Amino acid sequence: MENKLTKRTWLNIILFSFMGGVAWNLENMYFNTFLYGSIYEGVSAEALAGVMPPTTAISLMVALSAVTAVVTTFIMGTLSEKMKKRKVFISVGYIIWGIITASFGFISKENVATVFGLSDEVKILAFSIWAVIIMDMIMTFMGSTSNDSAFNAWVTDVTNPTIRPKVETALLFVGLVAMVAVMGVGSLAQGGVVSYKNFFLGLGIVVAICGVVGLFTLEEPKIKGEKTNSNYWSDLFYGFRPSVVKENSKLYLALAAVCLYSISVQVFFPYLFVYLEKVILPGAVFDTKTIIVAVLAVAALIAGIVAILKVANNNKLKAFIPTILLFIIGLFILSTSTNMIVVLIGIAPTLIGYVVLQIQLSAAVRDFIPEDKVGLFQGIRMIFAVLIPMVVGPMIGDIACQISNLTIVEYGVEKLVPSTSMFLFAAIVAVFVFVPIILLSKKNAFKK
C-alpha cells in the first residue's frame with residue numbers, strides 16, 4: 001500500500017469524520033444538557049422526588065447507549081467483514097442516523113403526555129426521561145453501524161502503519177472542529193436563542209446529507225482476504241478466543257490503555273457541559289487578567305500538542321509518559337477550584353493529554369489489528385473504548401457528584417449538579433494508564 005492517500009480519500013476521511021463528530025458530540029454533550037435542562041426543567045419537587053436524580057439519569061443513558069453501541073458494532077462489524085462491504089453501511093447508515101437525530105427535536109414532556117395520554121406529573125416526567133434514553137439507544141444503533149463499525153474499519157482498510165499517525169491526527173483535529181461547531185450552535189440552544197427542536201433538526205439533516213454524498217464519493221476499499229464460508233457466529237466471538245488474545249497480546253494491552261484512559265474521560269465528560277453552565281459560568285468574571293490567562297492557555301495547548309507529537313515521531317514511549325502526566329496534572333488542577341482562572345490553567349494540560357493520548361492510542365490499536373481481520377476486531381475495540389468506559393466512568397462520576405452533594409435551586413426546586421470532585425476521581429483512574437503502557441514497552445511495541 002502506498003504511503004500517500006488520494007484527494008478523494010482524504011475528502012471522505014474529513015467529511016465523514018466531521019459529520020460523525022457532529023452527530024456523536026451532539027449526543028454526548030447535548031442530549032445530556034437537553035435531558036437536564038429541558039426534560040427536568042420546571043418540574044415540581046414532588047415530581048423530582050418521584051424519579052431518579054438528573055445525574056443518575058445521565059449516567060444510565062450513557063451506559064445503555066454504550067451497551068447498544070458495542071452490541072451493534074459486534075453484529076454489524078462482523079457482518080460487514082463477511083460481506084467485504086463498507087460503503088453501504090456508511091452511506092445508508094449516515095442517512096438514517098441523521099433522520100433519527102432530527103426526530104429528537106420532537107421529544108418534550110407535552111408531546112409525551114399527549115401520545116401516552118398521561119396527566120400525572122411524575123409519570124409524564126418518568127416517561128419523558130425514558131423516551132430520551134430509548135431514542136438515544138436507537139440513534140446509537142445507527143451511529144455504531146455506520147461510524148464505529150463501518151467507517152472505522154474503512155479508515156483502517158485504506159491506511160497503513162506509516163500513514164496512520166497522520167490520519168489519526170487529522171481525525172482527532174477534525175473531531176475537535178466538529179466539537180467546537182456543535183458547541184457553538186449548542187450554546188444557542190442552551191441559551192434559548194435556538195430551540196432544541198431546531199437544533200436537533202438542523203444538525204440531523206446535515207448528517208443525513210453527508211450520507212447521500214457518500215453514495216457518490218465513497219469507494220469500496222481493497223479489504224484484505226476474500227469472502228469466506230466461515231460461521232457468522234464463530235466470527236462474532238472471534239476476538240474472545242484465548243488463542244487470539246495470546247497471539248495479539250500487544251493489541252489487547254493497547255486496548256486496555258484505551259479503556260483506562262476512556263474511563264477517566266467518561267468520569268467527567270457526560271457532566272461537563274452541565275457543570276460549565278450551572279457551576280462555572282454563573283460566577284465567572286471575564287476581566288483583563290482572565291482574558292490574558294485564557295490566551296496563554298490556548299498558546300500552551302497548541303505548543304504542547306505540537307511538541308509531544310513531534311517527540312512521538314521519534315520515540316512513541318517517550319511521548320506517552322509526558323502526555324499521561326499532563327492529563328493527570330490538568331485533571332488535578334481542575335479538581336481544586338471553580339475559579340475561572342484556575343479552570344483555564346487546568347484546561348491546557350488536560351486538553352493536551354486528551355488530544356494527544358487519543359491520537360497515540362488510536363494509532364496503536366490500528367497498528368496492532370491484523371489487516372485481514374479488521375472488521376472482526378471492531379466489536380472488541382468497542383468493548384474497551386466504549387462499553388466499559390461509558391458504563392463504569394459515568395457511574396464513578398455520579399458517585400463523585402453525590403458525595404460532594406453540590407446543589408442549585410431552580411424554579412424553587414433544589415437540584416444536584418456536577419462538582420469538582422469528578423475531576424479528582426478521573427485523575428486517579430488516569431494513573432492506571434501507565435500499567436499497560438509499561439507492559440507494552442517491555443514487549444518493544446513502541447520501536448519505530
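Data table
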| item | result |
| --- | --- |
| Region 38-55, subset touching a strand residue (DSSP E or B) at 6+ places or on another chain (Cβ under 9 Å) and of a type in the set (Val, Ile, Thr), residue farthest from ILE388 (Cα to Cα) | VAL43 |
| So PRO242, is it surrounded by 13 or more Cβ atoms within 10 Å (Cβ to Cβ), modelled with pLDDT of 60 or more and not acidic (Asp, Glu) | no |
| Extreme residue, farthest from the chain's Cα centre (by Cα), among residues of region 154-197 that are farther than 19 Å from MET19 by Cβ and among the aliphatic types (A, V, I, L, M) | VAL193 |
| Helices (runs of 4 or more DSSP H) (entirely within region 322-407) containing at least 2 residues that are crowded, with 24+ Cβ neighbours inside 10 Å and small (Gly, Ala, Ser) | 340-368, 388-404 |
| Those residues of region 6-35 which are surrounded by fewer than 18 Cβ atoms within 10 Å (Cβ to Cβ) and over 20 Å from ALA102 (Cβ atoms), in sequence order | THR6, LYS7, ARG8, TRP10, LEU11, ILE14 |
| Residue in region 36-56 that is β-branched (Val, Ile, Thr), surrounded by fewer than 23 Cβ atoms within 10 Å (Cβ to Cβ) and without any contact (Cβ under 8 Å) to a residue 40 or more places away in the chain present | no |
| Restricting region 408-431 to residues that are surrounded by fewer than 16 Cβ atoms within 10 Å (Cβ to Cβ) and outside any helix (DSSP H, G or I), the residue that is modelled with the lowest pLDDT | TYR411 |
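The values are calculated or read from the model by the stated rules, or taken from the named source; none is laboratory data. No experiment lies behind these values; they were computed from the predicted model shown. In this analysis, Cβ positions are derived from the backbone assuming ideal geometry, glycine residues included, and neighbour counts consider all displayed protein chains.
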